[in-house]
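What follows is a set of notes on a single structure, which appears directly below.
The values are calculated or read from the model by the stated rules, or taken from the named source; none is laboratory data. Worth saying up front: this structure is predicted, and the values here are computed from it rather than measured. Please note: Cβ atoms are built from the backbone with ideal geometry, for glycine as well, and neighbour counts cover all protein chains shown.
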Amino acid sequence: MDAPYVAVARTEAIPPGTFVKVLIENRPYIVANADGHYYAVEDNCSHEDYPLSFGCIDGDRIKCSLHGSRFDLGSGEPLEEPAEDPIATYRLEVEDGQIWIDPSSPANRARPRD
Ligand code: FES
């Protein structure tokens, strides 16, 4: 797969209901497996800039462990307060068990926070 895609993990390393945290150029991302569907999102809660990697996968959502907001892994939209803004999502491809993500720009309208 060509740039801007970056190889981040093998599918067998991410069982359903789990995720891994990956760093690309020192920026953290979450690559999650929600019942066989893979997603890539920024590792940052939009509420208070807290790592979502401290949280957990809940169906097709990721839950922030600090105040409990859940975000849709596909759209990045917050589904519960207190978060009001979406998290950034990224394009992801799977090829022969290799997961690739495109970190060059969010796939949704969210802007990654520094
Ligand atoms: S920091 Fe995530 S919900 Fe508050």
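Name the residue that is farthest from ASP2 (Cα to Cα), counting only residues in segment 49-107 that are within 14 Å of the ligand (Cβ to nearest atom), crowded, with 20+ Cβ neighbours inside 10 Å and of a type in the set (A, V, I, L, M, F, W, C). If we take residues in segment 49-107 being within 14 Å of the ligand (Cβ to nearest atom), crowded, with 20+ Cβ neighbours inside 10 Å and of a type in the set (A, V, I, L, M, F, W, C), then ALA83 is farthest from ASP2 (Cα to Cα).
Does ALA40 qualify as being in contact (Cβ under 8 Å) with a residue 12 or more places away in the chain and within 16 Å of the ligand (Cβ to nearest atom)? Here the answer is no, as ALA40 does not meet what is asked. Checking CYS45 against (1) outside any strand (DSSP E or B); (2) out of contact with any helix residue (DSSP H, G or I) (no Cβ under 6 Å at 6 or more places or on another chain), which test does it fail? The one condition CYS45 does not meet is (2). Of all the residues in segment 4-46, those that are of a type in the set (Gly, Ala, Ser) and under 9 Å from the mean Cα position of the chain (by Cα) number 2.
For segment 73-114, a residue qualifies if it is of a type in the set (S, T, N, Q) and not in a loop (DSSP other than H, G, I, E, B), and the qualifying residues are THR89, GLN98. For the condition near the ligand (Cβ under 9 Å from one of its atoms), of a type outside the set (A, V, I, L, M) and surrounded by 14 or more Cβ atoms within 10 Å (Cβ to Cβ), CYS45 qualifies.
Pairs meeting the criteria (first residue in segment 3-26 and at pLDDT 95 or above, second residue of a type in the set (Asp, Glu) and loosely packed, with under 12 Cβ neighbours inside 10 Å, beta carbons under 6 Å, at least 6 apart or on different chains) are PRO16/ASP35.
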